[in-house]
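Worksheet for the structure shown next.
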Amino acid sequence: MNWKNDITEKLNSDYSIIQAPMFGVTTPEMVAAATKAGCLGSLPLGDLPVEKCRDVIRTTKQLSPKLFAVNLFANDIPVLTETLKAKYGAVKQFIENLAAEHGLTIVLPRIDEISVTSYHEQLDIILQEGIKVVSFTFGNLDQQSIQMLKDNGITLIGTCTSVEEAKTLEASGIDILCVQGLEAGGHRGSFTLDNVAMIGGMSLLSQVFDAVKVPLVYAGGIYNSRTLLATEALGAKGFQVGSLLLGSAESALKEFEKERLRNVKESEIVLTKSFSGRYARGIKNAFIEAVEQNDVILPYPYQNKLTNEVRKVAKANGNTDFVSIWLGQSNNGYSGDSTFEILKKLIAQTEQADHS
């Protein structure tokens, strides 16, 4: 297989494989291992405060001399109305009671204690640190930010989950589109369809390929040579892998979470808003069932901020019923090998399959 194309040229990588920026899972060590394998490593910044962004970028730089991407959350932040504040209080009480029923003692933050970072606050750090590839999800960057980043020689990768979103991103001047199929683990990147675009990857990728002219990266269900080559046939020039790396040595998941992954059944993988207020694909548990049954869900990012302490305490206690374990539909064994080894194996298998 000839990996070299306009994606590898723009990303300055040997292979057109991108390690997914999985917030809460991806570590600087994972990013460095991906770059060592000749792929593009992606460091998720999410809504981290500016100083924390600087810290993780510099830590990654110390581990790898190679180019890597940073990933931003481009979502709108809902206005804090009195109605939203009242609902926040009710949801807070429900979750505290639910946790207590399951033996977890937690004190969740009041709404006035929550801090939310906009991607606009992170842009100066990105420029100061000389980052040359920026990907984003949950929305589109505003035109002023797009122009500022491009004026500084930065390649932009936007996430789409529908043809409409793909056209919107292309019209905005985004260089590369990451097409996220329904199979993908973690959060949906939707932004023009009230974050509910639920289109299967094969159908979506083929339609987006026909609708736009910019290079496409595909994300969703890639875990071996067959799935990768199938997406290439449908128009992808780049291939983003995330769930394949969840069990890796560099993953931030705890060992009990990795063990849960390795024993998951197909019927236990669901789409839910319960932990964050946005649809995400992960393993069903007691928290998800109770929150959905009682419809105690705030808009993103307030639900996400509220449940953060629940997940933190549950993780410390090894409790799988109150942590969010995100994964895609392609169960793959979740190898505990290094990210470097997992990606090199995928590359070798793809090259062998392509020549067989």
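Just so you know, all these numbers are worked out from the coordinates, no wet-lab data involved. For clarity, every value in this text was computed on a predicted model and none was experimentally measured. Every residue, glycine as well, gets a Cβ built from its backbone with ideal geometry; the counts of neighbours run over all protein chains shown.
General observations
- Ranked Ser115, Ser135, criterion: other C-beta atoms within 10 Å, fewest first: Ser115, Ser135
- Cβ-defined net charge surrounding Gly46, 13 Å radius [Lys, Arg +1; Asp, Glu -1]: +1
- Mean-position separation - Cα centroids, region 88-150 and region 1-30, in angstrom: 24 Å
- The chain - convex hull of the alpha-carbon atoms, volume per residue in Å³: 128 Å³
- Structural descriptor for region 264-356: relative contact order 26 percent, calculated from alpha carbon pairs under 8 angstrom and at least 6 residues apart.
- Comparing Met202, Met148, Met30 in a Gaussian network model of the chain (Cα springs below 10 Å), the most mobile by mean-square fluctuation is Met148.
- Sparse packing (at most 12 other Cβ atoms within 10 Å of the Cβ) combined with a DSSP loop state is found for the following trypsin sites (Lys or Arg not before Pro) in region 138-219: Lys213.
- Considering only Ile125, Ile283, Ile325, the mean-square fluctuation computed in a Gaussian network model of the chain, springs between alpha carbons under 10 angstrom, is largest for Ile125.
- Environment charge at Asn2 (Cβ cut-off 13 Å; Lys +1, Arg +1, Asp -1, Glu -1): -4
- Taking a straight line from the alpha carbon of Lys312, these aspartates and glutamates sit under 14 Å away, with near neighbours fewer than eight places off in the same chain left out: Glu96, Glu257, Asp321.
- Alpha-carbon centroid distance for the pair region 248-323 / region 182-240, whole angstrom: 24 Å
- Angle between the chain longest axis and helix 50-63 axis [Cα atoms, degrees, rounded to 10]: 40 degrees
- In sequence order, calculated HN-Hα J values of region 153-162 (Karplus, 6.51, -1.76, 1.60; Hz; x Gly/Pro): x, 9, 7, 10, 10, x, 9, 10, 10, 7
- Averaging the sequence gap over all C-alpha pairs within less than 8 Å and six or more residues apart, then dividing by the number of residues, gives the chain a relative contact order of 18 percent.
- Exceeding the 32 Å Cα-Cα cut-off - candidates Lys61/Lys305; Lys213/Lys258; Lys258/Lys345: Lys213/Lys258
- Going from the fewest other Cβ atoms within 10 Å to the most, the residues Leu244, Leu104 appear in the order Leu104, Leu244.
- Among Asp151, Asp321, Asp295: highest mean-square fluctuation, GNM of the chain, C-alpha pairs under 10 Å: Asp151
- Relative to the longest principal axis of the Cα atoms of the chain, the long axis of helix 302-316 lies at roughly 90 degrees.
- The chain: angle of helix 82-101 to the longest principal axis, Cα-based, in degrees nearest 10: 80 degrees
- Looking at the chain alone, DSSP beta bridges between its own residues are antiparallel in about 20 percent of cases.
- Under 5 Å from the amide H of Leu43 lie the amide H atoms of Ala69, Val70, Asn71, each residue being 5 or more positions distant or on a separate chain, with H modelled from the backbone and absent for Pro and chain starts.
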